[in-house]
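One structure below.
The values are calculated or read from the model by the stated rules, or taken from the named source; none is laboratory data. In this text, all values refer to a predicted model and were calculated from it rather than measured experimentally. Glycine gets a Cβ as well: all are built from the backbone with ideal geometry, and neighbour counts include every protein chain shown. These area figures cover heavy atoms from the full protein model, side chains too; ligands, DNA and RNA do not enter into them. Shrake-Rupley method; radii C 1.70, N 1.55, O 1.52, S 1.80 Å.
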Amino acid sequence: MFKTVLPLSAILSLRFFGLFLVLPVLSAYALNLEGATPLLIGVIVGGYALTQAIFQVPFGVLSDKIGRKPTLLLGLVIFLVGSIICAVSTDIYTLMVGRFLQGAGAIGAVIPAMISDLVTEEKRGHAMALMGGTIAISFAAAMALGPVLAAGFGFSSLFWIAGVLSILSMIVLFTNVPTPPRIRHIYHSSTTTKDILKDPNLLSMIITNGMQKGLMTVSFVLIPIFLTKPEYGFLWDKKDLWQAFMPAMIMGLLAMGPAAVFGEKYNKPREIFLISIVLFILSFTLMGFANKGWEFIIGVVSFFMAFNMMEPLVQSMISKYAKVHQKGAALGIANGFAYFMTFIGGAAAGIALQYSSREAFTIALLVITTLWLLWTFKMQNPHRYSHLYISMDHVDMEKLNNLEHEHIAEWFINETENIVAVKYRKSLIEEEAIKAKIVK
């Protein structure tokens, strides 16, 4: 599994690293560009996510038609062009065009789909967690390196680095990623968006995914501006922003490992999400009302810990809560909503900076995150399931079509491999009892 998943996770992580690298300093540096306003800064910070949300479905459909690898290549080329435009921009509107183009290479849903093609059902949750973990590491590393690189080599260097990383991702794509088989599954039921949203656990994860990403862009509009602009009282120089992000990165990485183990191995993701949301509430309280630099830094550290504790689990939990015929749709809805909220978070923070006060916006954030906490209490931890695989030659199709049992979650047919897969709770129903129901 690792040999298959790591190259794909590396491609996604390198691309996200290029996007994340500018986040710690984008709002502070971009304010100096011609035509810049706080509102436009907020749009630029989250702008890539708006085009990501728009192009998620088209890229997913395209990958089904022409293949995963050509679609990934197209997305990386578009991201490269957007990065170059950002690097050479001298006014806020050119930078905005570049950011929108960066997001238009929307491969975020193609890679999980490719992982699903290459990894068996039982290992898919761990594969998604591994993917989330690599993204969280790239996020943390970018937060520490972004301010240092911008101070040492100039703000535009961050976009040139992003472009180089996209080229490196293309090399990884064609040298280390296997071509996935074309597998067509036949399921015993269909799915709709309504079905997904009616599932309280899936809905909770969709909300969690969106809130986490939306709060990320809120933070990366506010943190650099709060620390560097005189009206907020901290008076930091831009080159010193690493002093806030470095300890936050370290603590975020330290928190991520135990959270992933506790969430995955011990099947306690709900508890991890609740702890993370409490840390989000603490972080915005401190960043919104702190008068001293060390208090603000504790708020930044709390934010990074909360974000990194969630990141390895979000995609994995969606794939676990969704039935097999819902996974693609559920991940698509969740990621589309997350990108939309990423844009909304940046825009909302820009509006707040331009038309509201630091304290008023903080109170609004605390109300929203508290409601999120209360909603998450409704979520349940996923059941543990086993899988039974039986050759189609041994299955009575009439019996299979009528297979219903409270401890059998679902079944599906893999036509390529000519097998029936039954997903069931091993502790509550015996394998032989299932075979007796469907075998000829």
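Picking from residues in segment 76-98 that are hydroxyl-bearing (Ser, Thr, Tyr) and surrounded by 16 or more Cβ atoms within 10 Å (Cβ to Cβ), the one that is farthest from residue 334 (Cα to Cα) is 89. Any residue in segment 4-23 that is in a helix (DSSP H, G or I), open to solvent by 40 Å² or more (accessible area, probe 1.4 Å) and either over 20 Å from residue 138 (Cβ atoms) or touching a Cys at 6+ places or on another chain (Cβ under 7 Å) (or both)? No, that holds for no residue.
What residue, among those in segment 323-381 that are polar (S, T, N, Q) and in a helix (DSSP H, G or I), is nearest to the chain's Cα centre (by Cα)? If we take residues in segment 323-381 being polar (S, T, N, Q) and in a helix (DSSP H, G or I), then 335 is nearest to the chain's Cα centre (by Cα). Here segment 272-296 is the region considered, the condition is being open to solvent by 10 Å² or more (accessible area, probe 1.4 Å) and free of Cβ contacts under 8 Å to residues at least 12 places away in the same chain, and the residue that is farthest from residue 210 (Cα to Cα) is 292.
All conditions in (1) out of contact with any Asp or Glu (no Cβ under 9 Å at 6 or more places or on another chain); (2) buried (at least 21 other Cβ atoms within 10 Å of the Cβ); (3) of a type in the set (Lys, Arg) hold for residue 68, with the sole exception of (1).
Looking across segment 397-440, the residues that are within 24 Å of residue 383 (Cα to Cα) and assigned to a loop (DSSP other than H, G, I, E, B) come down to 402, 403, 404, 405, 406, 407, 425, 426, 427, 428, 429, 430.
Quickly run through segment 415-438 and pick out the residues that are surrounded by 15 or more Cβ atoms within 10 Å (Cβ to Cβ), among the basic types (Lys, Arg) and either touching a Pro at 6+ places or on another chain (Cβ under 9 Å) or more than 13 Å from residue 404 (Cα to Cα) (or both).
Matches in segment 415-438: 425 only.
Listed here are the residues, each with its yes/no results for (1) of a type in the set (Phe, Trp, Tyr); (2) open to solvent by 10 Å² or more (accessible area, probe 1.4 Å); (3) at pLDDT below 85.
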{"residue": "42", "(1), (2), (3)": "no, no, no"}
{"residue": "74", "(1), (2), (3)": "no, yes, no"}
{"residue": "100", "(1), (2), (3)": "yes, yes, no"}
{"residue": "106", "(1), (2), (3)": "no, no, yes"}
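Confirm whether residue 307 is at pLDDT 90 or above, assigned to a helix (DSSP H, G or I) and closer than 17 Å to residue 280 by Cα. Here the answer is yes, as residue 307 does meet what is asked.
The one condition from (1) modelled with pLDDT under 85; (2) out of contact with any His (no Cβ under 7 Å at 6 or more places or on another chain) that residue 164 does not meet is (1). Kindly establish whether residue 235 is aliphatic (A, V, I, L, M) and at positive phi. Judged against the criteria, residue 235 is a match. If you filter segment 221-245 down to residues that are open to solvent by 60 Å² or more (accessible area, probe 1.4 Å) and of a type in the set (A, V, I, L, M, F, W, C), you find that the one that is farthest from residue 126 (Cα to Cα) is 235.
Residues are listed down the side, and each one gets a yes or a no for (1) closer than 18 Å to residue 61 by Cβ; (2) open to solvent by 50 Å² or more (accessible area, probe 1.4 Å); (3) out of contact with any Asp or Glu (no Cβ under 9 Å at 6 or more places or on another chain):
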| residue | (1), (2), (3) |
| --- | --- |
| 326 | yes, no, no |
| 339 | yes, no, yes |
| 343 | no, no, yes |
| 359 | no, yes, yes |
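When segment 254-270 is limited to residues that are open to solvent by 60 Å² or more (accessible area, probe 1.4 Å) and of a type in the set (A, V, I, L, M), the one that is nearest to residue 19 (Cα to Cα) turns out to be 254. Evaluated against (1) open to solvent by less than 10 Å² (accessible area, probe 1.4 Å); (2) among the hydrophobic types (A, V, I, L, M, F, W, C); (3) modelled with pLDDT under 85; (4) under 18 Å from residue 332 (Cα atoms), residue 61 falls short on exactly one condition, (1).
In segment 364-394, how many residues are open to solvent by less than 90 Å² (accessible area, probe 1.4 Å) and either over 24 Å from residue 427 (Cβ atoms) or aromatic (Phe, Trp, Tyr) (or both)?
Taking segment 364-394 as the starting set, the residues that turn out to be open to solvent by less than 90 Å² (accessible area, probe 1.4 Å) are 364-370, 372-373, 375-376, 379, 381-382, 385-388, 390-392.
Among the residues that remain, those that are also either over 24 Å from residue 427 (Cβ atoms) or aromatic (Phe, Trp, Tyr) (or both) are: 364-370, 372-373, 375-376, 385, 391-392.
Of the residues in segment 364-394, 14 are open to solvent by less than 90 Å² (accessible area, probe 1.4 Å) and either over 24 Å from residue 427 (Cβ atoms) or aromatic (Phe, Trp, Tyr) (or both).
Residues checked against (1) aliphatic (A, V, I, L, M); (2) touching a residue at least 24 places away in the same chain (Cβ under 8 Å):
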position	(1), (2)
361	no, yes
375	no, yes
383	no, yes
404	no, no
419	yes, yes
